[in-house]
1. Measure off 7 Å from each Cα along the Cα-to-Cβ vector at Asp654 and Ser138, then give the distance between these two points in nanometres to one decimal.
2. Taking 0.36 nm per residue of separation and subtracting the Cα-Cα distance, what length does fully extending Ser407 through Ser11 add?
3. In the stretch 3-284, what % of DSSP beta bridges are antiparallel (nearest 5)?
4. Against the longest alpha carbon principal axis of the chain, how many degrees, from 0 to 90 and to the nearest 10, is the axis of helix 465-477 turned?
5. How charged is the neighbourhood of Leu160? Take every other residue with its Cβ under 10 Å from the Cβ of Leu160, and add Lys/Arg as +1 and Asp/Glu as -1.
6. Can you find, among Ile425, Ile458, Leu375, the residue sitting farthest towards the positive end of the charge dipole of the stretch 313-482, where Lys and Arg contribute +1 and Asp and Glu -1 at Cβ?
7. Treat the count of other C-beta atoms within 10 Å as a stand-in for reagent exposure and order Arg431, Arg670 from fewest to most.
8. Give me Phe637, Phe219, Phe296 ranked fewest to most by other Cβ atoms within 10 Å of their Cβ, as a rough exposure proxy.
Amino acid sequence: MAANFDGLRFSHWQTELRSDGIVVLSFDRQGASVNAFSQDALIELSDLLERLAIDPPKGLVLRSAKSSGFIAGADLKEFQEFDRRGTVNDAIRRGQTVFQKLAELPCPTVSAIHGFCMGGGTEISLACRYRVASSDASTRIGLPEVKLGIFPGWGGSARLPRLIGSPKAMDMMLTGRTLSASAARAMGLVDKVVEPAVLLDTAIGLIQNSVQRPFQQRFLGWISNTWIARKILAPQMTKQVARKAPRAHYPAPYALINTWQQSGGKGIQGRLDAERKAVVKLASTPTARNLVRIFFLTERLKGLGGKDHGIQRVHVVGAGVMGGDIAAWSAYKGFEVTLQDREQRFIDGAMTRAQELFAKRVKDEAKRPAVAARLKSDLAGDGVPEADLVIEAIIENPEAKRDLYQSVEPRLKPDALLTTNTSSIPLTELREHIQRPAQFAGLHYFNPVALMPLVEIIRHDAMAPETEKRLAAFCKAIDKLTVPVAGTPGFLVNRVLFPYMLEAANAYAEGIPGPVIDKAAVKFGMPMGPIELIDTVGLDVAAGVGMELAPFLGLTVPAALGNVESGKRGKKDGQGLYKWENGKPVKPEVPQDYKAPEDLEDRLILPLLNEAVACLHDGVVSDGDLLDAGVIFGTGFAPFRGGPIQYIRSTGADTLLARLKALQARHGDRFAPRPGWDSEALRQPAA
């Protein structure tokens, strides 16, 4: 319902003038379940604030009328449209102007935060004199814009360093990390943390009592933004950022540091102008456009899973690294889990690793026993008849897997789902003799389970649609993103990744040093080099995937992967292609005069792109966006490039095809173009 306010009508804001003269302003974006700032909402807020400035109340409390949370930030779909029109500058200026009107109101202002408070939600809170947050676990406060290739542009970067001191403020903005209410209070970002039931009363109390921030905090906000502080701190910040984000690939953190260094000593309007100019420039970069696109791909993947999975009990067979970690993660996320293997010692090892996970993830020690109790050792497999979902994670051997299914399936409940964590075996090979193929599917997790966000849901032609829906909902419940893929060899991620790793092994066998190969891939934007990746995955695992995929893809596995020596399987043995110490590779020194082959980057990346094209052509996924999402979240493929298909579109399919053919002429038919390069989908404009 739109509210009346001195003759004005509003679609997105509710106003209440209390008897004590305090106005409570509630954001309730019309037609949306979540509050996000649209330009319409900002224009209405501007009109409201102008009216309040003419006749100031005793104070103003800003809150959300939605139970879903406070404010999620700006409307990114609208932001994309402004980028297309070239009007980002106007949109940034409007947000800054409206929030500055709030900051200049001649009365105390308080932001009452409950639930998520992100981006623009945090920025409008910074424009208030005080901030109160609810102690509820759902309350998270952050400025994550750097993850979208920009930085806070509605006054966040101009105000936060003055409020909490530049070291803490810049760390928060440069990492994009979110804070709990208590962490925000400890930092000085929030003035009080209270139970949700008294949030509004506490906000009103702050107005009535006019509390002043502690002197120490005010002094830190001043001293850490002086000329000398900026001159000393900015190079240190740049050095820290450079360890994780190359300037050429991720310009936003460097632009943030530079803007603060150059303008941090100016007045508020000077800081706002510098902020706006820098953010407008960043918004038009390919990095920002691709990272915003990935945000929407993430939302799409989240939307694939509903809530109705009907799963309470999970039984995992196979307590190796993958099976044990899948079991531990499921228990951590609230499911009752039983873990089975052929010998107790394997289960014991997995249970030990699980305790390490719980100790790391469950910060409240009092809650750890309850979490640990959800994971039970089950040597005899007594959990099978009670399970709603069985996940098989034994060795990559089709016969061994089929034998297991024959013993497990007769014991299952009628509506239970049977799944396999196979990384490459086609499901048509595995479903022989299965009595209920409609309830059989693949659930392919990635290592390490706790860190990798993706799970591939592997389809086959006899699988029921309801099975896929339940599995997607289950994955959503354990905070994983899902991509449904066809059950052909290697599915999506391993099929795309294998030619890349194989060519790295070929280059290594030719005598190109491992560190040189890794450096070329990292320079392109991969999270780690392929030689290091082979060692991390395990040469034995890579060889197993190779045996399955090489014939299908018409490739040959080099000796470096085909003959794996005992005790030299990679990171897990402390020795592989590299020596490993304390979990890190010891890479040999490369002679300074060594010159890497000019086509090395193409040799590594083009096979990956070639197979991505083939996957799209073969219908492994339904469209290019899902393919990009799967490869980014399953392999860490350079996010700033937007995924393989997006990269092909932006670089030019014909350009890359010509380079692929040049490699074929130079190095052989393993570089022959795969089917699909003539697709119109590759020639659409890059989003």
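1. Placing both labels 7 Å beyond Cα along the Cβ direction yields 5.3 nm.
2. Computed gain between Ser407 and Ser11 is 136.4 nm.
3. If I count the DSSP bridges inside the stretch 3-284, around 35 percent turn out antiparallel.
4. With both axes taken from Cα atoms, the answer is about 60 degrees.
5. +2
6. Going by the Cα projections, it comes out as Leu375.
7. Result, fewest neighbours first: Arg670, Arg431.
8. On the way: Phe637 26, Phe219 11, Phe296 15.
Least to most surrounded, the residues fall as Phe219, Phe296, Phe637.
Every read-out reported here was derived from the displayed coordinates using simple, explicitly stated rules and does not represent laboratory data. This is a predicted model, so every value here is computed, not measured. With ideal geometry, Cβ positions are generated from the backbone for all residues, glycine too; neighbour counts draw on all protein chains shown.
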